[in-house]
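Structure record follows, encoded as structure tokens.
What follows is calculated from the coordinates using simple rules that are stated; it is not laboratory data. What you see is a predicted model; the values in this text were computed from it and never measured. No Cβ is skipped: glycine too gets one built from the backbone with ideal geometry, and neighbour counts run over all protein chains shown.
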């Protein structure tokens, strides 16, 4: 019986992201699409809706404070995501299968999760345990399967980073 090698795992003093060429190209393409959404100087209302989960609400009960928070923090949050995207792009383009450090794995996790959050918005995923996992009818969509794949990658990343098996 062959041994399962997780797609993301601790190895040596670091970590290895061991996914196929097609999967790496897909993640890099999705990062590029998300980068375009984040850097669009005039995003349409659909793009704004897709990105809402990337910018958490800090002041739910005070609209004025929330606007000020978003004004002050949004650019920093965007820049942080773009920096993580650059790291992941270089890791998946050149270093896939080679040892990476904590910062590179963290950037990978943040990037994969950002893509998941946008897909989750598209699919109608909520935190409500009583609601359907996704909008009915989308369970067999390519987006839902992609959401599952990215969730699987994220799970293995968290396990690797936390020292689990």
Taking 29, 53 and counting other beta carbon atoms within 10 angstrom, the fewest-first order is 29, 53
Rg (one decimal) and Dmax (whole number) from the Cα set of segment 21-161, in Å, equal 16.0, 47
Rounded to the nearest 10 degrees, the helix 102-123 long axis (Cα) sits at an angle to the longest Cα principal axis of the chain of 50
Expressed in µm² per second, the diffusion coefficient of segment 41-90 from the Stokes-Einstein equation, with Rh the Kirkwood radius over alpha carbon pairs, at 10 °C and 1.306 mPa s, is 129
With Cα coordinates, the longest principal axis of the chain makes an angle with the long axis of helix 63-90, in degrees rounded to 10, of 20
For the chain, the longest principal axis of the Cα atoms and the Cα long axis of helix 142-161 enclose an angle in degrees, to the nearest 10, of 60
